[in-house]
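Notes to accompany the following structure.
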Amino acid sequence: MKILGIETSCDETSAAVVEAIQTDERSPNPTLKYLSNVVASQTDLHRQFGGVVPEVASRRHVELILPTIRRALDDAKCTLEEIDCIGVINRPGLIGALIVGVAAAKSIAYASGIPLVGVHHLEAHIYANWLTGVEIEFPVVCLVVSGGHSDLFYMSDHGKYEILARTRDDAAGEAFDKCARAMGLGYPGGPIIDKLAKEGNPHYVQFPRAKVDETLDFSFSGLKTAVIRYLDGLSVEPHIPNIAASFQEAIVDVLVDHTFRAAQDKGVKQVLVAGGVAANSRLQSAMKSKGEELGIKVIAPPPVLCTDNAAMAAAAAYFRYEAGDIAGLDLDCHASQPLGSRVS
Ligand code: KG4
Ligand code: ZN
């Protein structure tokens, strides 16, 4: 079975073809493999503004969406006739940007009769883990960290999410981007800080690790303020790699600590990491070593599947399709919508 994925929720126009193959009769899950994953990034366009400008993003999506879909099919050496399902991210995200991908998906579904599936952006990030080839066994705890979200979920089965924690203020990716700006670095800040931190001392400055009451919720705005105050108070030229490494270590410490506290509370044997910030090399290594120490397996996608892409949308759509969750041509877009619900 082949799934065409489409993603336009922010500043990446992306289309991909994912194939689901039943390789092992004893396994309930097929192996998911991406045959193509085209990401037309608009980062260069938005860099001059220091962040994504929604209207500019929508207009660029309009220009890029059809060539991107065409290339995804060509790269996969596949025709539209071979596609069994179209999975499109329709929530949450920039509304004008989402509309472009959803309109393209609906038009193709209408013209070809291919079933359509609407996918939640965070669910897509989580399902990037099904493209790693690692067997995932429920229940799992998932850490989803991106430019707009920092959430911990307990996932008992496909499509079943309980929210264990979320951020009370800035998302982890937002903190990376804002602190990079304060340090005079470029946009987006996450990859730049990741690279610079490799040459720095993570213990150079002891930035705060915020706790929110007795919960597992995150709070990163105090850390951002601490970085800005630290920079303002310096009378000498700042040593940016050391500051970047210390800031990154503060974020990573909190993410690792809360994730494994949640994993131990819930008694899970596997932890999934997802979202753009999951591409961070220090986060990936710290998660893996803590997992080894506690006997909990950590699964994380390669960086190209962590940041926004359509292969993750196609992977999530496969399981929605199998569950019979097919959308009509009235599929709508939503700027905000939580994934799952909070139990307490
Ligand atoms: O998931 P994503 O591509 O888009 C959203 O859904 O928001 O995440 C983008 C975020 C940005 O804030 C970016 O700075 C961050 O992910 N990011 C990283 C890295 N690569 C991307 N943060 C830390 N380290 C990285 N290597
Ligand atoms: Zn994302």
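The values are calculated or read from the model by the stated rules, or taken from the named source; none is laboratory data. Just so we're clear, the structure is a prediction, and the values are computed from it rather than from any experiment. Ideal geometry is used to build each Cβ from the backbone, glycine not excepted, and the neighbour counts take in all protein chains shown. Heads up: the accessible areas ignore ligands, DNA and RNA and are worked out on the full protein's heavy atoms, side chains in. Shrake-Rupley method; radii C 1.70, N 1.55, O 1.52, S 1.80 Å.
So here's what we get for this one:
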| read-out | value |
| --- | --- |
| Pairs with Cβ under 8 Å, 6+ apart, first in the range 257-283 and in contact (Cβ under 8 Å) with a residue 60 or more places away in the chain and more than 16 Å from ligand 2 (Cβ to nearest atom), second of a type in the set (S, T, Y) and open to solvent by 10 Å² or more (accessible area, probe 1.4 Å) | A262/Y154; K266/Y154; V268/Y154 |
| From the options I86, I69, residue that is open to solvent by less than 60 Å² (accessible area, probe 1.4 Å), in a helix (DSSP H, G or I) and closer than 19 Å to A111 by Cβ | I69 |
| Given (1) touching a residue at least 24 places away in the same chain (Cβ under 8 Å); (2) open to solvent by less than 50 Å² (accessible area, probe 1.4 Å); (3) of a type in the set (A, V, I, L, M, F, W, C), index of the condition V39 fails | (2) |
| Residues of the range 136-158 that turn out to be of a type in the set (S, T, Y) and either away from ligand 1 (no atom under 15 Å from the Cβ) or without any contact (Cβ under 8 Å) to a residue 40 or more places away in the chain (or both), as a count | 2 |
| Selection count where residues are aliphatic (A, V, I, L, M) and open to solvent by 20 Å² or more (accessible area, probe 1.4 Å), scope the range 161-182 | 2 |
| Number of positions in the range 207-243 that are more than 24 Å from the chain's Cα centre (by Cα), modelled with pLDDT under 95 and closer than 22 Å to A262 by Cα | 2 |
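So that you can scan it fast, the table gives a plain yes or no per residue for (1) outside the structural domain of K198 (by TED's automatic domain parsing); (2) open to solvent by less than 20 Å² (accessible area, probe 1.4 Å):
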{"residue": "P241", "(1), (2)": "no, no"}
{"residue": "A244", "(1), (2)": "no, yes"}
{"residue": "E249", "(1), (2)": "no, yes"}
{"residue": "Q264", "(1), (2)": "no, no"}
{"residue": "A286", "(1), (2)": "no, yes"}
{"residue": "A316", "(1), (2)": "yes, yes"}
